[in-house]
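What follows is a short report on a single structure.
The values are calculated or read from the model by the stated rules, or taken from the named source; none is laboratory data. Fair warning: this is a prediction, and the values are worked out from it, not measured in the lab. Ideal geometry is used to build each Cβ from the backbone, glycine not excepted, and the neighbour counts take in all protein chains shown. Quick note on the areas: whole protein, heavy atoms, side chains included, nothing else; ligands and nucleic acids left out. Shrake-Rupley method; radii C 1.70, N 1.55, O 1.52, S 1.80 Å.
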Amino acid sequence: MNRTAMRASQKDFENAMNQVKLLKKDPGNEVKLKLYSLYKQATEGPCNMPKPGVFDLINKAKWDAWNALGSLPKETARQNYVDLVSSLSSSLESSSQVEPGTDRKSTGYETLMVTSEDGITKIMLNRPTKKNALNVEMYHEIMHALKAASKDDSAITVLTGNGDYYSSGNDLTNFTDIPPGGVEEKAKNGAILLREFVGCFIDFPKPLIAVVNGPAVGISVTLLGLFDAVYASDRATFHTPFSHLGQSPEGCSSYTFPKIMSPAKATEMLVFGKKLTAGEACAQGLVTEVFPDSTFQKEVWTRLKAFAKLPPNAMRISKEIIRNREKEKLHAVNAEECSVLQGRWLSDECMNAVVNFLSRKSKL
Ligand SMILES: CCCCCC/C=C/C(=O)SCCNC(=O)CCNC(=O)[C@H](O)C(C)(C)COP(=O)(O)OP(=O)(O)OC[C@H]1O[C@@H](n2cnc3c(N)ncnc32)[C@H](O)[C@@H]1OP(=O)(O)O
């Protein structure tokens, strides 16, 4: 079982630094950049180096990785460094024990860090340099991790983000990989994947908790209506700019949001794209509780560890009784939202918005 420090001490951090030196296999350049950036953030705070010139490729890559961490607090960077080393050690160790034909993803993920300790399975979105945007691989890996978590011996499951963002939502480059069947086939495949993905959240049997460490956009916000509790840092924001993107709501939010926050407030978010602060999202019932960013990790994980000590079967059954009444409806809403989105993805409004983002003409 992976060792996860819920709040890494200086000693944990030093141990992790030593562990890195002992790794038997080279973890690759991408991981080394992540380690470098988290180390710098943990020890020096936000990037303070002048930006290297374009031809100074190595230092430019290091600068980009560090700078991408933004104002991530030192304590969080230290925690993330320890988590990364922990997941790295176990995935590199266990990969040598994998039998031929065994699913690679049961031991190591490309886009996630998954750890389990103290009765808590933690699924951490791990593309911090892309603000944890969900690419196709990440959708598949999250489904895989949720299915594994539903069967493991943990009592609760947590979804969170690595770096300064919780998630910037769907990776807009997902739209660029057009199959031989053209954009229609692309939209159809996207709708199938989305339906299956959201279905995993509807059906997840254990308490599922979001630890929203920073800004959340798009599908990472809409899904929150399917979580059992949502804890947010006061740095987090909640933004669903679907109309700006020529798209329409998903994640069952067209049903859950009006119920949670009233139809008018849901319309402000889902139709007009109003961005909420963590405090506003809490006042409207989308967020369970907000914590100051400086103590967020400490307070949340202390609370979650206490929850995870409760009798797991009782928690499962209580969730089941709350969720079962709604399940059929939620699956029907999910199917309808995916079908509407399939049409939206083929619209000029959507295609123009994606092209504008990818050609760096627009940002949220
Ligand atoms: C199977 C398909 C299912 C689809 C489900 C439907 C889901 C819908 C949604 O989720 S809609 C929401 C989509 N998200 C966005 O529109 C966000 C787009 N991103 C931004 O506007 C900005 O990046 C930002 C405001 C999130 C952050 O801005 P900033 O702090 O200035 O950082 P950068 O823009 O420099 O970002 C760093 C790096 O990350 C890349 N990136 C960030 N978010 C995304 C994204 N959603 N898709 C693709 N790439 C993203 C960004 O391009 C930068 O990359 P670079 O360093 O330039 O290579």
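Residues whose amide H falls under 5 Å from that of VAL212, counting only those 5 or more places apart or on a different chain, are TYR231, ALA232, SER233, with hydrogens built in the peptide plane.
Divide by every residue of the chain the summed helix terms, -39500 (n - 2.57) for each DSSP H run of at least 4, and state the resulting mean residue ellipticity at 222 nm, rounded to the nearest 500 deg cm²/dmol.
Details: 13 runs with 183 residues, N = 364.
That comes out to -16000 deg cm²/dmol.
If you count only protein heavy atoms with a 1.4 Å probe, what accessible area per residue comes out for segment 10-91, rounded to a whole Å²?
On a per-residue basis, 53 Å².
Charges were assigned to the Cβ only: +1 to each Lys and Arg, -1 to each Asp and Glu. The resulting dipole of segment 10-91 about its Cα centre is roughly 140 debye.
Proximity of backbone amide H atoms, modeled 1.01 Å from N, is registered between THR237 and ALA216 at under 5 Å, excluding neighbours fewer than 5 places apart on the same chain.
How large is the accessible surface per residue of segment 126-166, computed with a 1.4 Å probe and reported in Å² as a whole number?
Details: 1300 Å² over 41 residues.
Solvent-accessible surface per residue comes out at 32 Å².
Label separation (LYS51 vs TYR36): 1.8 nm, computed from points 7 Å beyond Cα along the C-beta direction. Computed over protein heavy atoms with a 1.4 angstrom probe, the accessible surface ordering of TYR36, TYR81, largest first, is TYR36, TYR81.
Applying the Karplus relation 6.51 cos²θ - 1.76 cosθ + 1.60 with θ = phi - 60° to segment 201-211 yields 3J(HN,Hα) values of 6, 4, 8, 4, x, 9, x, 10, 10, 9, 10 Hz, where x marks Gly and Pro. Look at the dipole of the chain built from charges on Cβ: of MET113, GLY45, GLY70, the Cα furthest out on the positive end belongs to GLY45. Each residue of segment 59-69 was assigned a 3J(HN,Hα) from its phi angle through the Karplus expression (A = 6.51, B = -1.76, C = 1.60, θ = phi - 60°), giving 5, 5, 5, 5, 4, 4, 5, 5, 4, 5, 6 Hz with x at Gly and Pro. What does DSSP give for the chain in terms of the percent of beta bridges that are antiparallel, rounded to the nearest 5? Among the beta bridges of the chain, antiparallel pairing accounts for roughly 30 percent.
Once you have a ≥ b ≥ c as the square roots of the Cα gyration tensor eigenvalues for segment 306-364, tell me rounded if a/c is under 1.5, and otherwise prolate or oblate according to whether a/b is larger than b/c. Kindly include the intermediate steps, with their values, before the conclusion.
Values: a/c = 7.22, a/b = 2.11, b/c = 3.43.
Oblate shape, in that a/c is at least 1.5 and b/c is the bigger or equal ratio.
Peptides 223-230, 326-333, ordered by how many other C-beta atoms sit within 10 Å of their residues on average, highest first, read 223-230, 326-333.
How would segment 10-91 be classified by its alpha-carbon gyration tensor: rounded, prolate or oblate, with rounded meaning a/c under 1.5 and the a/b versus b/c comparison settling the rest? Oblate, because a/c is 1.5 or more while a/b does not exceed b/c.
Close amide H partners of ASP171, meaning residues 5 or more places away or on another chain with modelled amide H under 5 Å apart, are LEU134, ASN135.
Converting phi to 3J(HN,Hα) with the Karplus coefficients 6.51, -1.76 and 1.60 and the offset θ = phi - 60°, segment 230-242 yields 10, 10, 10, 6, 6, 7, 6, 10, 10, 9, 10, x, 5 Hz in sequence order, with x at every glycine or proline. Each Lys and Arg adds +1 at its Cβ and each Asp and Glu adds -1 at its Cβ; summed about the Cα centre, the chain shows a dipole of about 600 debye. Placing pseudo-labels 7 Å out from each Cα toward the beta carbon at GLN10 and ILE260 gives an inter-label distance of 4.0 nm. Sparsely packed loop sites in segment 266-295 (the GluC sites (Glu not before Pro) outside DSSP H, G, I, E and B with at most 16 other Cβ atoms within 10 Å) do not occur.
Measuring r between the beta carbons of ILE192 and ASP234 and using R0 = 41 Å, the FRET efficiency lands at 0.60. Taking label positions 7 Å along the Cα-Cβ direction at both LYS309 and ALA332, the computed distance is 4.4 nm, reported to one decimal. Rounded to the nearest 0.05, what FRET efficiency do GLU184 and LEU358 have when you use their Cβ-Cβ distance and R0 = 25 Å? The value I calculate is 0.80. Using equal-weight Cα scatterers in the Debye expression, the normalised intensity of the chain in log10 at q = 0.08, 0.14 Å⁻¹ is -0.39, -1.28.
Within the accessible surface of the chain, defined with a 1.4 Å probe on protein heavy atoms only, the carbon and sulfur portion equals 55 percent.
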